[in-house]
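A short write-up of the structure that comes next.
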Amino acid sequence: MGVVPEMIEIEQYRQVADLAVGHTINRVDAPDPWYLKGGTTAEQLTTMLGAQVTGTRRIGKLLLLDTDGPTLGLRFGMTGRLVVDGYAPIERLQYASHRDDPAWVRFALGFDDLGDLRMVDPRRLGGVALDPDEHHLGVDALAVRPAQLRQLLARSRAPVKAFLLDQGRLAGVGNLIADEALWRAGIDPARAANSLDANEARRLHRHLLATITGLTERGGSHTGDLMPARTRGATCPKDGAPLLRRTIGGRTTYSCPQHQR
Ligand SMILES: [Zn+2]
């Protein structure tokens, strides 16, 4: 089973993007207008020429490249990979071929004294934007505090699974991390977010953080304990009950009817 870029993978991308900090941008390649988002044009992107990269940030699944000029936002969709100076933190993604077809380079930046930064995206589900709106994103899932999560949950009537996937409330959680955290926390993904009591909200917070950090150590969002059971007819790795497979929040959701309540 391959990797889908969730926040764990974007954090790995951020770390290689850090190679560009301190370097000056001397080339912008934006061959694919479809890949430019939020009204950004190839002409506007030339304002990045001569700018020095000052830092990188990540909010959820959005990677930000700050410069002494504009900020660049990079999104990777389901199949986007980042390659910086020839170094690719993730060689292979689940929904993408690992062939490196030059036509799949949707965007690139060249630097003084460094190889280029490339976004390789066979399915073009990602994109880049100048000075992207960061305020529509919720708090990053690794930074959310227990009381904050509880308040956010209390304000949503959506199923808790859909709540977790809503990037405007909590940024960074994708399908696999959401199912894994709810499975570990013993919470039914179909329950209304605002039906969780204080103990359940705390438990979800604890398991969400443990899932993100634990799966990061194991090597990616596809390494969860529930992952091998994400298949029709599989049983719960905890208690052997036949798993439920439903669509919640628009995504295929696996859960255990026995221990997730
Ligand atoms: Zn179970």
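The simple spin-label model puts a point 7 Å past each Cα toward its Cβ; for E217 and R57 those points are separated by 2.9 nm. Quick check: from the Cα gyration tensor, does the range 102-198 come out rounded (a/c under 1.5), prolate or oblate? The shape class here is prolate. Under the classification rounded if a/c is under 1.5, otherwise prolate if a/b is larger than b/c and oblate if not, where does the range 1-70 fall, given a ≥ b ≥ c as square roots of the Cα gyration tensor eigenvalues? In terms of gyration-tensor shape, oblate.
Coupling constants for the range 256-261 follow from the phi torsions by the Karplus curve (6.51 cos²θ - 1.76 cosθ + 1.60, θ = phi - 60°), and in residue order they are 9, x, 7, 9, 9, 10 Hz; glycine and proline get x. Mean separation of Cα pairs under 8 Å and 6 or more residues apart, divided by the residue count, gives the range 137-261 a relative contact order of 27 percent. Summarising the amide proton neighbourhood of A171: residues at separation of 5 or more, or on other chains, whose placed amide H is nearer than 5 Å comprise G138, V139, D140, A141. Summarising the amide proton neighbourhood of T56: residues at separation of 5 or more, or on other chains, whose placed amide H is nearer than 5 Å comprise D66. On the principal axes of its alpha-carbon atoms, the range 141-261 has extents of 36, 30, 25 Å, going from largest to smallest.
Of all complete DSSP H helices in the chain, not one has a Cα span along the helix axis of 27 Å or greater and a mean Kyte-Doolittle hydropathy of 0.5 or more.
Partner aspartates and glutamates whose Cα lies under 12 Å from the Cα of K37, excluding those fewer than 8 positions away in the same chain, are identified as D131, D133. When shorter helices are ignored and each DSSP H run of at least 4 residues is given -39500 (n - 2.57), the per-residue value for the chain at 222 nm works out to -7000 deg cm²/dmol. With one equal scatterer per alpha carbon and no solvent term, the Debye-computed log10 I(q)/I(0) for the range 48-150 at 0.22 1/Å reads -1.23. For the pair D239 and A108 in one chain, pulling the backbone fully straight at 0.36 nm per residue adds 42.3 nm over the alpha carbon distance.
Comparing D131, D29, D101 in a Gaussian network model of the chain where C-alpha atoms under 10 Å apart are linked, the largest mean-square fluctuation is found at D101. Along the Cα-to-Cβ line of A210, 7 Å from the Cα, sits a label point; which residues in the range 224-253 have backbone N less than 14 Å from it? Counting only backbone N, you get 225-226, 238.
Taking amide hydrogens as placed 1.01 Å from N in the peptide plane, the amide H of T40 sits under 5 Å from those of L130, each at least 5 positions away in sequence or on another chain. In this label model, V21 and A154 are separated by 3.7 nm, measuring between points 7 Å along each Cα→Cβ vector.
3J(HN,Hα) along the range 57-66: 9, 9, 10, x, 9, 9, 9, 10, 10, 8 Hz, from the Karplus curve 6.51 cos²θ - 1.76 cosθ + 1.60 with θ = phi - 60°, whole Hz, x for Gly and Pro. With the alpha-carbon atoms of the chain aligned to their principal axes, the span from lowest to highest coordinate is 58, 38, 29 Å, starting with the largest.
Read the figures in this text as sums done on the coordinates, not as results from a lab. Because the structure is predicted, anything quoted here is derived from the model rather than measured. All Cβ positions, even for glycine, are placed from backbone atoms using ideal geometry, and neighbour counts span all protein chains on display.
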